[in-house]
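Shown next, in structure tokens, is the structure this report addresses.
Throughout, read-outs are computed from the coordinates displayed, never taken from laboratory work. Note that this is a predicted model, so its numbers are computed, not measured. Neighbour counts are summed over all protein chains in view; Cβ atoms, including those assigned to glycine, are modelled from backbone coordinates with ideal geometry.
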Amino acid sequence: MAPKKKILIVDDERDIVKALTIRLQSSGYNTVVAFDGAQGVFMAYKEKPSLILLDIRMPAGDGFSVAEKLRESKRTSRIPIIFLTGSPETNAEERARGLGARFFIKKPYDPEELLDAVRRALEVKPPPP
């Protein structure tokens with residue numbers, strides 16, 4: 001049996017983190033969490049997840065700055081990112097895609113849509129750096 005894929009959830013809303021953790025674990029994934037941008041970058045380096053679910057509006061570094069930092073490092077530049085956000089910014093999706101986000105999902109999200117995006121993001125082999 002293949003080892004479980006590890007997913008890093010970076011979001012400052014604890015209820016959402018809890019719901020995502022339960023949903024992902026019940027779908028066979030391991031999860032690690034960070035509750036702000038700085039912790040998200042640290043955990044990505046430390047845990048080397050297969051995928052990152054990233055909120056935009058958080059303390060200690062928004063999702064865009066987190067994605068930029070992860071893209072700059074050889075250790076994390078190839079980890080797929082799914083932005084999962086309630087951000088009202090009009091150009092948020094464009095910015096996220098510009099940073100290489102695989103998917104951009106708005107909160108409140110559809111759990112099945114999210115799981116499908118996770119599956120699809122994990123299947124795609126990242127482009128070489």
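From the set of residues in the stretch 48-64 that are more than 13 Å from the chain's Cα centre (by Cα) and either of a type in the set (Asp, Glu) or over 15 Å from Val17 (Cβ atoms) (or both), which is surrounded by the fewest Cβ atoms within 10 Å (Cβ to Cβ)? The selected residue is Ala60. Are any residues in the stretch 17-44 closer than 19 Å to Phe64 by Cα, in contact (Cβ under 8 Å) with a residue 24 or more places away in the chain and in a helix (DSSP H, G or I), and if so, which ones? Across the stretch 17-44, the qualifying residues are Gly37, Gln39, Gly40, Val41, Met43, Ala44. Just one residue in the set Arg102, Arg119, Arg75 is closer than 23 Å to Tyr45 by Cα, surrounded by fewer than 16 Cβ atoms within 10 Å (Cβ to Cβ), within 15 Å of the chain's Cα centre (by Cα) and not hydroxyl-bearing (Ser, Thr, Tyr); that residue is Arg119.
The lone criterion from (1) assigned to a helix (DSSP H, G or I); (2) more than 12 Å from Leu8 (Cβ to Cβ) left unmet by Ser87 is number (1). When the stretch 7-16 is filtered for residues that are touching a residue at least 12 places away in the same chain (Cβ under 8 Å) and surrounded by fewer than 16 Cβ atoms within 10 Å (Cβ to Cβ), the ones remaining, listed by number, are Glu13, Arg14.
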